[in-house]
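Each remark here refers to the structure printed beneath this line.
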Amino acid sequence: MARSSTLSPERIVDTASSLISERGLAGFSMRKLAVALDVTPMTLYLRFDNKEALLTEVASRNLQGIRVSIRDDDPWEQRVSALATGLRAHLVADRNLLQLYAQSDQISSTTLAAVDLGLGLMEEAGLAGEAAVAAFRVVFWHAVGSALVLAALGDLPANQGTAIVAALTTTEASERTARLGPYFGPVDADEQFQYATHCLVTGLASDIASSADSAARKELS
């Protein structure tokens with residue numbers, strides 16, 4: 001049995017992360033963690049008040065690992081897209097940990113580096129205050145939502161929804177849906193995300209430019 005004095009909180013969090021990644025959140029317990037660490041469950045409670053406190057730290061530690069590669073000389077739209085892509089990639093890297101993020105409400109509170117970068121991009125575009133936060137939220141939850149949907153769809157048979165739509169006849173659906181149904185083929189989730197991100201960021205940039213033009217015209221008048 002390992003001596004409790006040699007058991008650091010960091011080792012507990014790392015081992016808990018590995019167990020959740022391997023077995024899922026439903027298969028995780030403090031007792032199983034104690035077995036993996038070769039200690040008694042009581043030893044764990046000397047480091048963390050309860051299971052929830054430990055899971056919060058696991059989520060926080062993993063989300064702090066988000067890294068986004070952005071060049072300062074890249075166009076604004078490209079940098080915003082890179083932020084969304086990097087955030088989503090980190091969240092989908094481990095489906096079991098993604099479930100933990102969602103359940104422990106740690107997504108928005110521990111991605112501070114990504115949040116700060118995103119807010120900086122919005123301010124660079126000329127937005128301020130509530131407008132900067134609102135614009136960033138659109139990008140942030142686009143990435144988070146895509147990750148959560150992708151994880152949920154993993155439980156469904158491949159292309160189940162698209163196959164149903166493609167098989168519709170005019171007696172079961174509108175003429176338009178039946179006519180376009182055959183085009184509901186297999187979906188590349190990454191490609192779809194990139195297309196959606198492009199549409200979102202392009203629209204956001206257009207809206208910002210339009211607002212700036214309107215403000216300029218008001219000043220001139």
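The values are calculated or read from the model by the stated rules, or taken from the named source; none is laboratory data. A quick note: this is a predicted structure, and the numbers were derived from the prediction, not measured. Note that each Cβ is placed from the backbone with ideal geometry, even for glycine, and that neighbours are counted across all protein chains shown.
Return the residues of the stretch 183-206 that are more than 19 Å from residue 83 (Cα to Cα) and either part of a helix (DSSP H, G or I) or of a type in the set (Ser, Thr, Tyr) (or both); say none if nothing qualifies.
Initial filter on the stretch 183-206 (more than 19 Å from residue 83 (Cα to Cα)): 183-188.
Of everything in the stretch 183-206, just one residue is more than 19 Å from residue 83 (Cα to Cα) and either part of a helix (DSSP H, G or I) or of a type in the set (Ser, Thr, Tyr) (or both), namely 183.
Looking only at the stretch 1-14, filter to residues that are exposed (fewer than 11 other Cβ atoms within 10 Å of the Cβ) and not in a helix (DSSP H, G or I); which one of those is modelled with the highest pLDDT?
8
Determine if the stretch 46-59 includes at least one residue that is surrounded by 15 or more Cβ atoms within 10 Å (Cβ to Cβ), in the same structural domain as residue 15 (by TED's automatic domain parsing), modelled with pLDDT under 80 and in a helix (DSSP H, G or I).
First pass over the stretch 46-59, keeping only residues surrounded by 15 or more Cβ atoms within 10 Å (Cβ to Cβ): 47-48, 51, 54-59.
Applying the additional criterion that residues be in the same structural domain as residue 15 (by TED's automatic domain parsing) yields 47-48, 51, 54-59.
Pick out the ones that are also modelled with pLDDT under 80 and you get 59.
Remaining after also requiring in a helix (DSSP H, G or I): 59.
Yes, some residue in the stretch 46-59 is surrounded by 15 or more Cβ atoms within 10 Å (Cβ to Cβ), in the same structural domain as residue 15 (by TED's automatic domain parsing), modelled with pLDDT under 80 and in a helix (DSSP H, G or I).
Do you know which of the residues in the stretch 15-40 that are part of a helix (DSSP H, G or I), surrounded by 13 or more Cβ atoms within 10 Å (Cβ to Cβ) and modelled with pLDDT under 90 is farthest from the chain's Cα centre (by Cα)?
Within the stretch 15-40, the match that is farthest from the chain's Cα centre (by Cα) is 23.
Quick check on residue 80: is it farther than 18 Å from residue 196 by Cα, of a type in the set (Val, Ile, Thr) and at pLDDT 90 or above?
no
Please identify the pairs in which a residue from the stretch 112-138 that is outside the structural domain of residue 202 (by TED's automatic domain parsing) has its Cβ atom under 6 Å from the Cβ atom of a residue that is surrounded by 14 or more Cβ atoms within 10 Å (Cβ to Cβ), counting only partners at least 6 apart or on another chain.
Pairs that qualify, where the first residue is outside the structural domain of residue 202 (by TED's automatic domain parsing) and the partner is surrounded by 14 or more Cβ atoms within 10 Å (Cβ to Cβ): there are none.
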